[in-house]
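Values in this text are rule-based calculations from the coordinates and carry no lab data. Please read all numbers here as calculations on a predicted model, not as lab measurements. Here the Cβ positions follow ideal geometry from the backbone for every residue, glycine too, while neighbour counts run over all protein chains shown.
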Amino acid sequence: MKKSLFIAAALIWAAQAQGQQEMLISQYMFNGLFINPAYAGSHKFAEATALHRTQWTGLDGAPSTQTFGIEGPISNEQMGLGLTVINDRIGDTRQTEVFANWSYHLFLDPQGKTKLSFGLRAGFADYTASLSETNVFDAGDPVFSQNLGNQFVPKFGAGVYLYAERFYAGLSVPTIFAADNNVRFNINEMSDRYFQPHTYLTAGYVFDAGKNLKVKPSFLIRYLNNVPLQADLNCNLLIKDTFWVGVSYRTGDAVIALLEYNILTDFRIGYAYDLTTTEISSYSGGSHEVMLSYKFGKDPVKTKSPRYF
C-alpha cells in the first residue's frame, strides 16, 4: 500500500498529539457499552449494535472502524453481561479487540428508578503493523524495514454508571492495564508501555420541550496524561419519540451532525457526519458513521417508552 508523506504525518499526528489509542466514534451517547462496561444491563431489554465508521474520507490509509456489541440484564436486573468486538485500522496498522463485560447494579430507591452500577471488562487486543508497505522518502529507514506481527495483548478496564429513566452519568477507564511490553507503534516510544489509560467522564439528561419534543444535552470529557483535554458537547432533539436530530462539537477536532430513526419498537438506525475543523479538512471530505441496533426481550417493556440512552 502506497502512502504519501502527508498521510503518514497526519496519521502520526492523530495518534500522538490527540492520543487516539482508544476507538473513536461519534454515536457513543447511544452505545455506552463501548466506553463503559458498567453500562451493560442498564435497560430491561437486551440489545445488539453494529457500527461502521470511515474517518477522513478521501485520504488513503485513513482510520476505519467496525464495532459490534451485545448486552443485557441478568439475575432480575441486578447484573448485566455484554460482549464487544472492535476492528480498528489506521494506515498500515490494525487493531482487533474482544472484550467480555460484567456489571452489578444497585437500586438507590425503593421504586428502583435510580440505579448505580459498577462494571468490569476483560479481553484482549491483537495488533499488527505492515510498516514495510509504507512509502517513505528514505527507503533505507530501518523503522519501516520490518513488520510488526500479531501481538496478543490482554487488557482490563472498569467503570461506574449512575442512571435513571432520563438521566445518566458515567466515569470509566476502558483499559486500566494492558500487557503491551512488546507493542511499538510510536517510532519515538522509549518507555516499556505503548498504551496509556484513557479516562472518560460523561453525563446527559432528557427534558420535555413540548408535546412531541424532547431535548437531551450531554457531554463527554476525555482525559489522557500529557495530552490536551478533549470534550464533546452534544445536544439532541427527540421528535415524536421516533426521530433523533442532533449536533455535537468536539473541541479541537470536529463539528458533528447526528440522525437516528427508531423503526417500530425493535430497530434503530443512526448516522453521524463529522466535519473536521483541523487542517485535514483541506484534504478530506469528513467522516461518516452508520449504526444499526436491534433490541430484544419482553415486548411490553419495549413499547413503554423510547430508548433515551
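Packing-wise, with mean Cβ within 10 Å as the measure, how do 105-111, 267-273, 169-175 rank, highest first? Don't skip to the answer; put the middle values down first.
On the way: 105-111: 11.9, 267-273: 17.0, 169-175: 20.7.
Ranked by mean Cβ neighbours within 10 Å, highest first: 169-175, 267-273, 105-111.
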- Note on the structure: Protection proxy (average C-beta count within 10 Å per residue), highest first, orders 74-87, 206-219 as 74-87, 206-219
- Going down the list Lys115/Lys240; Lys115/Lys295; Lys115/Lys211, which pairs span over 23 Å between their C-alpha atoms? Lys115/Lys240; Lys115/Lys211
- Message: Test of understanding: what is the full-extension gain from Asn76 to Phe296, defined as 0.36 nm times their sequence separation minus their Cα-Cα distance?
- Response: 77.6 nm
